[in-house]
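Step one of this worksheet: look at the structure below.
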Amino acid sequence: MRAPPDARASKPRVPPAPSVAHDSLVVTFAFRCNLACTFCMVEDVLEAPYPGVSLERFEALCRDPTSTLQGLRRVTFSGGEVTTSKLLPDYVRLARSLPEVRHVRIQTNATRLRDRAYLRSLLDAGVDELFVSFHGHDAASTEAITRRPGSFDQILAGMREIRAAGATLITNTALVRQNYQSLAAIVEVVAPLAPASIEMWSFWPRIHEHTREFAVPVAELRGPVIAAMRACLARGIPPVLKWFPRCLVPPDLLPYHDDGQPQMLIEPEFWDREPGYGCLYAGVCEDHHAQRCSGLSHAYVELHGWEQDLLRPRRVEASDRARAGGAGDDFVLRNLVKDGGPKRTHTARVAAWLDAFGLAFGGEVAGWTLVSARRSRFRESLRLELRRSERRAVLQIAAGDPTPKVVVVGDARARREAEPLARALGDALSRCASPPPIP
Amino acid sequence: MQLPLAERAPPRVARAPLERCGADEPLHDYILERYAPPAPPEGKLRALNLFVESLADAGVEREGLRVIDTIREGLGPHRTVFGVKSHTQKGAEPGWELYFYDFERVHADLQIGRVVELLGGLLDVDAVEPWPLPWHMFSVELSPEHLRRERPASVDVYLDMRSYKVRGTSWELENVYTFHDPRQEIDELLHRARSLVHFDHLRWNLAHVLPPDFLAAHRVCVANKRRADAVYASRVPTPALTRFLERHSFPSALSVFARRHAAELDHLLWDVGVDFQGTDGELRFVKAGVYGSF
Ligand code: SF4
């Protein structure tokens, strides 16, 4: 089913890359590779190679007027590294023989494509889109991942040849611990090659045992991903973000979030190790219902949890209520099983944190009474509200090293009034020898 | 060449012949509610075989089978739920429980006294209902000790989302529990999870007690017990049962049985649950159970 349009997404300045989920098919063969990426999602398949879809079988499917291949607009070949197979041009020619196919794509590491004649032979056979895996911004970081010296230069050289030949280049970066802090730098390296889009796929942990090494908590990943997406847009290149919680994507970037995937022709055993995806809020989230978001991989959930306090489902029933003019998102029914709501438990955590600095709700700081505290969504700051008779002051405590920093929120008058209070609070915080992190 | 696990597994421990489903086999979950089988049941294995395998693994197959036969003769087939328990406590004996349901209280034959009497020839059950109570279910615990008649078994009585442990005339509150649809009632479920005494939801991974297999279940039950909290999931498929058996230190005979016979168990849905403690700052699974019916 095609996902309905998302009314919340703002009108994009840069047109999003067309989704390939619905009129494409991925055909797999050549389960071998000339690189050895640490997080390879088909590593097990390369070790005991799958035969993949043989040329004969593919030919039979192409000739069968009732096969799933009929009506396709795009065929994508993937392995392994399909350029290691001498038969690749034959597969491509067969794909081109399908009457409605407009694009033939290969997923590749591009190292072999630096051979101009070889690249030309693929383009002549009918390849027009090259989807290149590119995981590091420099030689050291790339080769720590690919485990092949020289591969960074080889990949770049391959991509330059694609560009020079005028074929469509698309890059794809797996979001992993090893590269997530240099995503914007990766965009800087790729952008001059004018790719049609820059894709970023959350690590797809097919082999669960590896999750710990590679999967980054989404709260940590979010900032660098957003920065990299904005870097793409600043250069007029559409980013594509995949398998990242849609509710953590700002509205202006929603047009570039796409969890859709085309169907794949592969041995059925491959799916025995397919990562399950899901979301705690699947039953109430409109984006899940509309198949716009898959949630988190089960391997991620087992490692980092459901992220129940971070995710913000756009609720099916909440939007229904809003349409009906009823109460919004904050409306909470109380009943016997709702005695431990998030507010109460978070308040208890914040109270314990304040206690470490000798502060308490209802307590006094420089003549002001501390009335409430709210944690920011990503736990990088706390907002304290204090009152003195009719006056109200809001101070923000931001995580700092070694001591949390205090700033007054508000206009110049508010800042003037609350400055002594901010100083007193800052003193209280700095008296604690080892301040605990913001809860 | 390495053979896959199921091929290398020893033959099953139980000696009783495997019981197989008929064409119209009614299948029930652990609240004795009928469910539609996910695959045709005819000729495939009954859930009871797992129960028998666990009895055999504990060395009480003969005694256990006598209890099963007595119950089936006395009450008829497809009226009883069994639970196979694993305790992580060192030296703890394996345990089982039999559950008898009558939500509408329409079955005159199903009375605590009558089941106590039925089982009287095989084990001593010490529980007295003071006057007719509006229970919807009661259960009888079983262990090798009970089956050897070394001590009397107690009864748990369930009414109005509570359960009581009954020993003689003493009734002790045991358990308060709620059921939730993990898709439509996720907020209620989260409220329950956030208010557990034995689970620090801000520090520990909620998936430890609410793993993806539980979230895909028909219903999730959260229970607050005297010394632990517990989470149960109903109607999980056999692969999820197998993962649960492996994760929660059940005798390996059970997971081997489930793996080896996976294709003959694909029509069944199971119920699973785990008790945990955590008030000393460390999450510990103290008991786990898997449930089926016969
Ligand atoms: S709540 Fe879950 S399903 Fe909904 S957008 Fe967020 S991650 Fe996706």
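Observations on the model:
- Pairs where the first residue, in segment A:277-290, is among the hydrophobic types (A, V, I, L, M, F, W, C) and the second is more than 7 Å from the ligand (Cβ to nearest atom) and in a loop (DSSP other than H, G, I, E, B), C-beta under 6 Å, 6+ apart: A:Leu280/A:Trp306; A:Leu280/A:Gln308; A:Ala290/A:Ala3; A:Ala290/A:Pro4
- Scanning segment A:206-224 for residues that are at pLDDT below 95 and under 29 Å from A:Ile162 (Cβ atoms) yields a count of 2.
- Residue list for segment A:217-251, filter: in contact (Cβ under 8 Å) with a residue 60 or more places away in the chain and within 16 Å of the ligand (Cβ to nearest atom): A:Pro217, A:Val218, A:Ala219, A:Arg222, A:Phe244, A:Pro245, A:Cys247, A:Leu248, A:Pro251
- When residues of segment A:303-312 are limited to those that are near the ligand (Cβ under 10 Å from one of its atoms) and touching a residue at least 60 places away in the same chain (Cβ under 8 Å), the one nearest to the other protein chains (Cβ to nearest Cβ): A:Glu307
- A:Cys33 free of Cβ contacts under 8 Å to residues at least 12 places away in the same chain and under 30 Å from A:Glu143 (Cβ atoms): no
- When B:Asp229, B:Asp181, B:Asp156 are checked against the criterion of being touching a strand residue (DSSP E or B) at 6+ places or on another chain (Cβ under 9 Å), more than 7 Å from chain A (Cβ to nearest Cβ) and either of a type in the set (Gly, Ala, Ser) or closer than 26 Å to A:Ser294 by Cβ (or both), B:Asp181 stands alone in meeting it.
- Strands (runs of 3 or more DSSP E) contained in segment A:1-114 and holding at least 2 residues among the β-branched types (Val, Ile, Thr) and modelled with pLDDT under 95: A:24-28
- Filter result for the condition that a residue is among the small types (Gly, Ala, Ser), assigned to a loop (DSSP other than H, G, I, E, B) and in contact with an Asp or Glu (Cβ under 6 Å, 6 or more places away or on another chain), over B:Ala92, B:Ala39, B:Ala16: B:Ala39
- Meets criteria (away from the ligand (no atom under 16 Å from the Cβ) and touching a residue at least 24 places away in the same chain (Cβ under 8 Å)) for A:Gly260: no
- Filtered by the rule that a residue be free of Cβ contacts under 8 Å to residues at least 60 places away in the same chain and of a type in the set (Lys, Arg), segment B:223-252 gives B:Lys225, B:Arg226, B:Arg227, B:Arg243, B:Arg247.
- Of all residues making up segment A:285-302, the number that are buried (at least 23 other Cβ atoms within 10 Å of the Cβ), more than 10 Å from the ligand (Cβ to nearest atom) and assigned to a helix (DSSP H, G or I): 3
- The single residue among A:Gly325, A:Gly341, A:Gly283 that is modelled with pLDDT under 95 and away from chain B (no Cβ under 14 Å) turns out to be A:Gly325.
- For segment B:199-215, a residue qualifies if it is within 20 Å of A:Val350 (Cα to Cα) and more than 7 Å from chain A (Cβ to nearest Cβ), and the qualifying residues are B:Phe199, B:Asp200, B:His201, B:Arg203, B:Trp204.
- Selection from segment A:373-413 of residues that are assigned to a strand (DSSP E or B), free of Cβ contacts under 8 Å to residues at least 24 places away in the same chain and of a type in the set (S, T, N, Q): A:Gln396
- Matching entry among B:Leu173, B:Leu110, B:Leu142 (being within 20 Å of B:Val286 (Cα to Cα) and touching a Leu at 6+ places or on another chain (Cβ under 8 Å)): B:Leu142
- Restricting segment A:419-438 to residues that are in contact (Cβ under 8 Å) with a residue 40 or more places away in the chain and in contact with a Leu (Cβ under 7 Å, 6 or more places away or on another chain) leaves a set whose member that is farthest from the other protein chains (Cβ to nearest Cβ) is A:Leu421.
The values are calculated or read from the model by the stated rules, or taken from the named source; none is laboratory data. What you see is a predicted model, and the numbers here were worked out from it, not measured in a lab. Note that we place each Cβ from the backbone using ideal geometry, even for glycine, and neighbour counts take in every protein chain shown.
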